[in-house]
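Presented below is the structure to which this report refers.
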Amino acid sequence: MNTTFKIQQIWQYLGVQDDEILIIRHYNKSDDKDEFLVVESTQEGLKVSAVSTLPQLRADQPFQMIQQRDSSGKFIIPSVTQLINDKVSDY
Amino acid sequence: MAQRIKTNIKFYKGLDNVADKLYGFVAKSNGSWRGCRETESKKKIVFVDTAISKDIIPNTLYSCSLVPMRNEGGFIAKSATIVKFPGTIATICRNNVFLIRITFGNKEYIYDPSSKEKRKNDIKSIANILRSRNDLENAMSVAEDFIDNACIVKRLYEQRQSNV
């Protein structure tokens with residue numbers, strides 16, 4: 001599953017609004033470091049930019065942020081399918 | 001040799017008023033046996049082998065291997081390993097909503113600095129609960145991640161309150 005599709009799914013799953021930004025923390029394997037994906041809604045669709053530090057957050061700038069670690073402790077982009085499956089399987 | 005079945009089950013205590021007797025249920029779904037609630041129809045009972053029963057925590061999901069009882073009335077769990085779910089920390093800061101949801105499996109804990117309830121507004125208590133969970137993967141790291149996020153949310157919430 002590609003990154004863009006996963007981000008779109010998370011955007012919908014969390015119900016992020018168009019005036020909000022979505023921040024996803026994840027581990028960049030090729031650079032061997034954590035980074036933050038900042039997702040914004042634009043006329044052309046979702047725009048994703050990667051930054052190395054958490055952007056400055058203000059109370060008047062609405063945002064949502066999500067993070068999840070895999071079994072090895074690295075931050076990953078959560079899979080919405082997995083979140084739903086986990087919820088159902090933990091009956 | 002009886003065929004072993006692998007499935008995830010939760011166990012409960014106190015069948016037929018026998019306090020320590022652990023039991024769970026499975027039902028057939030799409031051709032395979034899966035753990036189910038007591039309310040499910042066409043279910044079969046699962047007891048835990050006495051060799052492993054002392055380690056079982058009630059109402060926690062286990063990955064089990066089962067063998068059928070001789071009378072085919074149910075199954076015996078011969079091995080059981082706790083299923084650990086990854087913790088997801090979702091933070092929302094929007095208008096007057098400042099909160100964090102920590103979810104794993106079907107569990108959810110909420111941090112809300114505006115809440116009057118201690119279970120929702122106390123960072124330390126929530127972090128301690130997360131650290132103690134057997135069914136949360138990387139529980140210590142998730143608790144620390146939660147604290148980091150909660151401090152941000154608390155600061156923004158207080159900032160918003162002082163600007164009102």
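Observations on the model:
- Looking only at residues in the range A:46-67 that are more than 13 Å from the chain's Cα centre (by Cα) and among the polar types (S, T, N, Q), the one that is farthest from the other protein chains (Cβ to nearest Cβ) is A:SER52.
- Failed item, numbered, when B:THR103 is tested on (1) in contact with a Ser or Thr (Cβ under 6 Å, 6 or more places away or on another chain); (2) of a type in the set (Val, Ile, Thr); (3) more than 10 Å from every other protein chain (Cβ to nearest Cβ): (3)
- All positions within the range B:127-164 that are within 11 Å of chain A (Cβ to nearest Cβ) and in contact with a Lys or Arg (Cβ under 8 Å, 6 or more places away or on another chain): B:ASP135, B:LEU136, B:GLU137, B:ASN138, B:ALA139, B:MET140, B:SER141, B:VAL142, B:ASP145, B:LEU156, B:GLN159
- B:ASN71 falls short on exactly one of the conditions (1) touching a strand residue (DSSP E or B) at 6+ places or on another chain (Cβ under 9 Å); (2) under 30 Å from B:ALA27 (Cβ atoms), and that condition is (1).
- Yes/no for B:LYS54 being part of a strand (DSSP E or B) and either of a type outside the set (Gly, Ala, Ser) or not assigned by TED's automatic domain parsing to the domain that holds B:TYR109 (or both): no
- Single residue of the range A:1-53 satisfying the filter (under 24 Å from B:ASP148 (Cα atoms) and acidic (Asp, Glu)) that is surrounded by the fewest Cβ atoms within 10 Å (Cβ to Cβ): A:ASP32
- Inter-residue pairs, beta-carbon under 6 Å, first over 16 Å from A:PRO62 (Cβ atoms) and aromatic (Phe, Trp, Tyr) and in the range B:94-110, second assigned to a strand (DSSP E or B) and modelled with pLDDT of 95 or more, 6+ apart: B:PHE104/B:PHE85; B:PHE104/B:LEU136; B:TYR109/B:ILE102
- Taking residues in the range B:63-84 that are within 14 Å of chain A (Cβ to nearest Cβ) and of a type in the set (Ser, Thr, Tyr), and partners anywhere that are in a loop (DSSP other than H, G, I, E, B) and surrounded by 15 or more Cβ atoms within 10 Å (Cβ to Cβ), the pairs with Cβ atoms closer than 7 Å and at least 6 places apart or on different chains are B:SER63/B:VAL83.
- If the condition is being part of a strand (DSSP E or B) and free of Cβ contacts under 8 Å to residues at least 12 places away in the same chain, then the range A:46-72 contributes A:LYS47, A:GLN68, A:ARG69.
- Failed condition for B:LEU156, given (1) in contact with a Cys (Cβ under 8 Å, 6 or more places away or on another chain); (2) assigned by TED's automatic domain parsing to the domain that holds B:ILE9: (2)
- Only residues that are part of a strand (DSSP E or B), away from chain B (no Cβ under 12 Å) and closer than 19 Å to B:THR91 by Cβ were counted in the range A:1-45, giving 9.
- Cross-chain or 6+ apart pairs with Cβ under 7 Å, the range A:73-91 first and at the interface with chain B (Cβ under 7 Å from one of its Cβ atoms), then among the hydroxyl-bearing types (Ser, Thr, Tyr) and outside any loop (DSSP other than H, G, I, E, B): A:GLY73/B:SER141; A:PRO78/B:THR88; A:LEU83/B:THR88
The values are calculated or read from the model by the stated rules, or taken from the named source; none is laboratory data. Everything numeric here is computed off the predicted structure, so don't read it as measured data. In this analysis, Cβ positions are derived from the backbone assuming ideal geometry, glycine residues included, and neighbour counts consider all displayed protein chains.
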